[in-house]
Amino acid sequence: MSKKLLLKNDHIPGINTLATYKENGGYAVLTNALKNLSPDAIVEEVKKSGLRGRGGAGFPTGMKWSFLAKPEGVPRYLVCNADESEPGTFKDRYLMERIPHLLVEGMILSSFALGANTSYIYIRGEYFYVANILEKAIDEAYQAGYLGKNILGTGFNLDLYVQVGAGAYICGEETALLESLEGKRGNPRIKPPFPAVAGLYGCPTVVNNVETIAAVVPIIEMGGEEYAKIGIGKSTGTKLISASGHINKPGVYEIELGLPVEEFIYSEEWCGGIRGGRKMKAVVAGGSSVPILPTELILKTVNGEPRLMSYESLGDGGFISGTMLGSGGFIVMDEETSIVKNLYTFSRFYHHESCGQCSPCREGIGWMERILEKILDGRGTLADIDLLWDIQSKIEGKTICPLGEAAAWPVAAAIRHFRPEFEAYVTNPDSIKDIKHYYRLKN
Amino acid sequence: MPKITIDDIPIEVPEGTTILQAARMIGGDIVPPAMCYYSKLKTSGGYCRTCIVKVEQGSEKDPRPMPKPVASCRTNVMDGMVVRNITSQENLEARAGVVEFLLMNHPLDCPVCDQAGECHLQDLSYEHGKEGTRNEFERREYEPMDFGDTIKLNMNRCILCYRCVKVADQLTDGRCHGVINRGEHAEISTYIEKAIDNDFSGNMIDVCPVGALTDRTFRFKSRVWYTNPVDAHRDCDKCCGKVRLWNQGDEVLRVTARKDQFGEVIDNEDGSTAWICNDCRFEKKHLNDWVIEGPSDISRHSVISANHYESLRSIQKTTMKMMGAKPHGVKFELGDGALDPNNQ
């Protein structure tokens with residue numbers, strides 16, 4: 001049985017209420033930390049823990065916190081990014097739905113560490129019912145004196161708000177999120193300045209993922225050094241993985257980083273193997289934006305070492321033969337999956353979600369989608385595949401925010417690893433007649 | 001003061017200068033084109049990506065190259081920075097890609113467009129674009145829209161540079177137009193085709209780099225190269241009153257602000273920008289209204305200025321000399337050979 005830190009109590013009925021959460025040791029860490037630890041000591045523990053951002057980029061959280069500018073007389077903000085919109089990722093929803101108080105406790109703890117007196121949870125529009133759960137938890141916390149003025153008699157004030165977005169993928173990008181939170185159009189800002197210097201309302205701001213903030217609670221509970229012992233190398237601690245696709249047991253799993261990918265997919269404890277006894281074809285390891293890998297490369301690196309669920313191991317080989325841990329949206333595809341069709345679905349998503357601010361992303365992704373549609377229709381040519389490759393290379397790295405890359409990487413990886421399949425769609429369109437059903441989203 | 005080199009040309013610039021401004025100080029061929037950046041408008045730039053440059057060395061302290069091409073209009077220089085613009089084939093290819101994206105949905109209706117002749121997108125595509133398009137799909141189309149009596153919006157031509165939005169934000173009270181919709185469907189619009197009605201709205205036309213926002217009072221009257229630009233002024237209680245008249249014989253066809261070589265409105269003596277008001281722009285269409293100062297010095301490169309394409313040729317010469325390569329814009333060698341028919 002693997003180590004569980006975040007989801008150790010998620011099976012207890014009623015854990016979403018304050019009473020049950022407290023019975024199971026909830027808010028004890030917070031009470032202790034507020035009374036006995038200084039804010040700097042908490043930041044120090046988080047640094048020692050080696051915790052890395054769980055939203056996708058994997059930036060060390062302690063370092064991010066220490067970058068926060070602290071000018072006199074200017075408020076600081078902590079914003080929790082609960083705009084979990086990456087296709088294939090649903091871990092934050094599970095966490096907030098089941099144990100909302102863990103996030104609330106983490107928010108209070110982190111706000112105390114950063115000296116923020118106002119904090120926000122920005123949640124995506126489709127999660128309106130989760131927002132209600134969070135609001136309820138926050139109300140309970142206010143009544144119990146964990147939020148508001150003079151928390152637990154320590155003199156620390158904190159107001160925590162839930163803000164529901166309108167369901168835009170781009171608002172998961174931290175600067176677009178801040179724009180949206182300010183009530184503006186959700187367009188990413190041009191960096192620098194980074195949010196740590198000028199973020200929400202122009203004040204220093206830290207934006208962290210839900211899981212990152214929740215992980216602060218066990219870190220303070222056990223101490224940063226203890227936490228750093230869990231996991232492997234620079235990938236410390238546990239990670240929530242949203243497993244989906246053609247596996248026997250899809251769901252949210254908490255794994256210790258360093259678990260072999262093969263074990264994760266085939267072990268009964270986790271995904272339980274491929275559905276219907278079929279063979280695995282490919283895996284998207286970290287949400288739709290990361291490069292897709294064929295079976296042989298996801299199970300073993302090019303050096304023949306078994307691939308592990310960690311930031312380093314999945315990234316081994318760069319984008320030529322590796323991928324990214326990303327947000328932990330683990331999508332498994334069996335041998336009957338059409339990679340081209342899957343790629344079309346991804347491209348359609350990014351086309352729909354592009355904010356339209358910078359030209360490569362605005363014009364390029366729609367173009368890629370239309371070419372893929374043409375190939376799927378059996379009207380494609382071999383030159384179209386090269387054109388796709390060229391377009392993605394013209395988008396990657398030329399955009400303001402990472403959405404352009406998120407759209408370009410899957411195209412690059414699919415062509416890199418599955419080119420014969422694209423060619424089959426072009427040269428032998430009859431062979432795909434029976435799998436031509438797909439949905440066309442109108443604008 | 002930070003010392004940097006752009007395309008092997010060293011220059012020392014004040015702290016806080018952007019790469020683009022530094023390049024403009026050097027001048028000549030190495031200035032990256034800018035479609036959305038407008039030095040007189042705060043927070044402009046960064047959207048169109050035509051000004052991207054390659055940073056080979058980040059700074060003296062941290063000599064690592066920047067991993068991606070950067071938007072030179074929004075990146076400040078650091079001491080010891082080494083920037084490559086036209087001396088990097090990779091960068092020119094990347095820019096050609098951006099130009100292709102910008103032109104992908106552009107109607108290319110220059111023969112009937114009032115902006116033709118002074119259009120930055122025209123210049124950009126001559127200098128950095130390709131001859132043909134690889135896009136075989138239908139272009140997006142919008143209905144032209146009137147923003148009141150004086151301003152015409154032709155959204156098909158728009159490249160979403162956001163300059164007009166920034167003009168409305170920074171020059172006028174109560175912006176009532178902006179970008180609606182998202183992604184490919186994003187468009188400039190007013191709230192339910194409301195007229196834009198304030199004294200400085202006409203400046204939107206001046207900042208528009210393409211033919212998306214045009215002057216309705218000048219619409220289809222003449223091609224710009226058949227008009228004679230002269231500088232003129234009048235006493236105006238709303239603005240500086242320093243304008244450029246575009247005349248044909250005794251007739252004033254159009255009034256605009258005075259612009260510099262980068263297509264930006266010039267500064268007054270006191271350092272403020274010489275924006276003009278709508279009275280000067282749309283109402284004063286008689287020579288009697290104005291004191292003529294003399295013919296305008298059109299230094300910006302466009303077909304309305306003489307010898308424009310002379311300077312174009314010199315860009316290619318510089319590129320060829322510095323790289324020993326083929327003239328850019330004529331035949332690119334794509335990095336992966338994707339489009340080379342011999343490399344299938």
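The values are calculated or read from the model by the stated rules, or taken from the named source; none is laboratory data. Just so it is clear, the model here is predicted, and its values are computed rather than measured. Methodologically, a virtual Cβ is constructed for each residue, glycine included, from the backbone with ideal geometry; neighbour enumeration extends over all protein chains shown. What goes into the accessible areas is simple: the full protein's heavy atoms, side chains included, and nothing from ligands, DNA or RNA. Shrake-Rupley method; radii C 1.70, N 1.55, O 1.52, S 1.80 Å.
A compact table of results
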quantity: Candidates B:234, B:216, B:254, B:258, filtered to the one that is touching a helix residue (DSSP H, G or I) at 6+ places or on another chain (Cβ under 7 Å) and either touching a residue at least 60 places away in the same chain (Cβ under 8 Å) or open to solvent by 10 Å² or more (accessible area, probe 1.4 Å) (or both); calculated: B:234
quantity: Segment B:144-181, residues that are assigned to a loop (DSSP other than H, G, I, E, B) and more than 20 Å from residue B:103 (Cβ to Cβ); calculated: B:148, B:149, B:150, B:172, B:173, B:174, B:175, B:176, B:181
quantity: Residue check, residue A:436 surrounded by fewer than 19 Cβ atoms within 10 Å (Cβ to Cβ), more than 7 Å from chain B (Cβ to nearest Cβ) and at pLDDT below 90; calculated: yes
quantity: Qualifying residue in segment B:93-101 (condition: within 14 Å of another protein chain (Cβ to nearest Cβ), within 26 Å of residue A:194 (Cα to Cα), of a type in the set (Val, Ile, Thr) and open to solvent by 10 Å² or more (accessible area, probe 1.4 Å)); calculated: no
quantity: Residue within segment B:78-86 that is open to solvent by less than 60 Å² (accessible area, probe 1.4 Å), within 11 Å of another protein chain (Cβ to nearest Cβ) and part of a loop (DSSP other than H, G, I, E, B) present; calculated: no
quantity: Filter result for residue A:337 (over 23 Å from residue A:171 (Cα atoms), away from chain B (no Cβ under 14 Å), β-branched (Val, Ile, Thr) and crowded, with 21+ Cβ neighbours inside 10 Å); calculated: no
quantity: Subset of segment A:245-270 [part of a loop (DSSP other than H, G, I, E, B) and on the phi < 0 side of the Ramachandran plot]; calculated: A:246, A:248, A:249, A:250, A:257, A:267, A:268, A:269, A:270
quantity: Of all residues making up segment A:160-197, the number that are away from every other protein chain (no Cβ under 12 Å) and not in a helix (DSSP H, G or I); calculated: 13
quantity: Hits in segment A:60-87 (condition: open to solvent by 20 Å² or more (accessible area, probe 1.4 Å) and part of a loop (DSSP other than H, G, I, E, B)); calculated: A:67, A:69, A:70, A:71, A:72, A:73, A:74, A:75, A:76, A:86, A:87
quantity: Test for residue B:285: is it touching a helix residue (DSSP H, G or I) at 6+ places or on another chain (Cβ under 9 Å), surrounded by fewer than 18 Cβ atoms within 10 Å (Cβ to Cβ) and over 22 Å from residue B:122 (Cβ atoms); calculated: no
quantity: Residue match in segment A:192-199 (condition: within 22 Å of the chain's Cα centre (by Cα) and open to solvent by 40 Å² or more (accessible area, probe 1.4 Å)); calculated: yes
quantity: Residue count, segment B:102-138 (criterion: more than 11 Å from chain A (Cβ to nearest Cβ), within 23 Å of residue A:397 (Cα to Cα) and either open to solvent by 30 Å² or more (accessible area, probe 1.4 Å) or charged (D, E, K, R) (or both)); calculated: 3
quantity: Single residue of segment A:310-329 satisfying the filter (out of contact with any Gly (no Cβ under 7 Å at 6 or more places or on another chain) and of a type in the set (A, V, I, L, M, F, W, C)) that is most open to solvent (accessible area, probe 1.4 Å); calculated: A:320
quantity: Residue check for residue A:210: surrounded by 22 or more Cβ atoms within 10 Å (Cβ to Cβ), free of Cβ contacts under 8 Å to residues at least 60 places away in the same chain and in contact with a helix residue (DSSP H, G or I) (Cβ under 7 Å, 6 or more places away or on another chain); calculated: no
quantity: Which numbered condition residue A:370 fails, given (1) within 11 Å of chain B (Cβ to nearest Cβ); (2) not in a helix (DSSP H, G or I); calculated: (2)
quantity: Residue check, residue A:328 under 22 Å from the mean Cα position of the chain (by Cα), at positive phi and within 14 Å of another protein chain (Cβ to nearest Cβ); calculated: no
quantity: Any hit, segment A:96-119, residues being open to solvent by 50 Å² or more (accessible area, probe 1.4 Å), out of contact with any strand residue (DSSP E or B) (no Cβ under 7 Å at 6 or more places or on another chain) and modelled with pLDDT under 95; calculated: yes
quantity: Residue in segment B:29-50 that is open to solvent by 10 Å² or more (accessible area, probe 1.4 Å), more than 14 Å from chain A (Cβ to nearest Cβ) and more than 30 Å from residue B:170 (Cβ to Cβ) present; calculated: yes
quantity: Selected residue (criterion: modelled with the lowest pLDDT) from residues of segment B:143-179 that are open to solvent by 70 Å² or more (accessible area, probe 1.4 Å) and within 14 Å of chain A (Cβ to nearest Cβ); calculated: B:175
quantity: The one condition in (1) open to solvent by 30 Å² or more (accessible area, probe 1.4 Å); (2) modelled with pLDDT under 90 that residue B:186 fails to fulfil; calculated: (1)
quantity: Residues of segment B:195-213 satisfying the condition of being in a loop (DSSP other than H, G, I, E, B) and either free of Cβ contacts under 8 Å to residues at least 40 places away in the same chain or out of contact with any His (no Cβ under 8 Å at 6 or more places or on another chain) (or both); calculated: B:195, B:197, B:198, B:199, B:200, B:201, B:202, B:208, B:211, B:212
quantity: Residue in segment A:279-302 that is assigned to a loop (DSSP other than H, G, I, E, B), among the hydrophobic types (A, V, I, L, M, F, W, C) and over 18 Å from residue A:327 (Cα atoms) present; calculated: yes
quantity: Checklist (1) touching a residue at least 24 places away in the same chain (Cβ under 8 Å); (2) away from chain A (no Cβ under 14 Å); (3) among the hydroxyl-bearing types (Ser, Thr, Tyr); (4) out of contact with any Phe, Trp or Tyr (no Cβ under 7 Å at 6 or more places or on another chain) applied to residue B:190, failing item; calculated: (4)
quantity: Residue A:391 closer than 21 Å to residue A:85 by Cβ, among the β-branched types (Val, Ile, Thr) and open to solvent by less than 10 Å² (accessible area, probe 1.4 Å); calculated: no
quantity: Filtered residues of segment B:54-77 (kept if away from chain A (no Cβ under 12 Å) and either within 20 Å of the chain's Cα centre (by Cα) or in contact (Cβ under 8 Å) with a residue 60 or more places away in the chain (or both)); calculated: B:72, B:77
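Residue-by-condition table, conditions (1) within 12 Å of chain B (Cβ to nearest Cβ); (2) out of contact with any Asp or Glu (no Cβ under 8 Å at 6 or more places or on another chain); (3) on the phi > 0 side of the Ramachandran plot:
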{"site": "A:342", "(1), (2), (3)": "no, yes, no"}
{"site": "A:347", "(1), (2), (3)": "no, no, no"}
{"site": "A:356", "(1), (2), (3)": "yes, no, yes"}
{"site": "A:391", "(1), (2), (3)": "yes, yes, no"}
{"site": "A:395", "(1), (2), (3)": "yes, no, no"}
{"site": "A:399", "(1), (2), (3)": "yes, no, no"}
{"site": "A:404", "(1), (2), (3)": "yes, no, no"}
{"site": "A:424", "(1), (2), (3)": "no, yes, no"}
